[in-house]
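These notes concern the structure reproduced below.
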Amino acid sequence: MKEVHALIAGGGPAGLASAIALASRGLRVLVMERRGYPVDKACGEGVQPPGIAALQRLGVFEKIPAAS
């Protein structure tokens, strides 16, 4: 296994945002999550403007394919 610079415990919104931010700076990040995906819970249905701004800063929207 390659060396990692950061280990994130938990693949929820905060853990994934942290992982994206670190990886965008060139660090190798490992996210550990004990639950299987997809997680059956409401998440993101009510993202407020500050959350949208944070997602934009993380470059999330560039990764989403355009609707056809």
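Observations
- Among the residues of region 24-42, the ones that are open to solvent by 50 Å² or more (accessible area, probe 1.4 Å) and β-branched (Val, Ile, Thr) come to 1 in all.
- Ala53 vs. criteria in a helix (DSSP H, G or I), modelled with pLDDT of 90 or more and over 10 Å from the mean Cα position of the chain (by Cα): yes
- A search for C-beta distances below 6 Å between a residue of region 1-23 that is open to solvent by 90 Å² or more (accessible area, probe 1.4 Å) and any residue that is not in a helix (DSSP H, G or I), counting only pairs 6+ apart in sequence or on different chains, returns His5/Leu27; His5/Arg28; Leu7/Leu30; Ala9/Met32.
The values are calculated or read from the model by the stated rules, or taken from the named source; none is laboratory data. These numbers were taken from a predicted model, which means no experiment stands behind them. Cβ sites come from the backbone with ideal geometry, for glycine too, and all protein chains shown count toward neighbours. Surface areas here come from the heavy atoms of the whole protein model, side chains and all, with no ligands, DNA or RNA. Shrake-Rupley method; radii C 1.70, N 1.55, O 1.52, S 1.80 Å.
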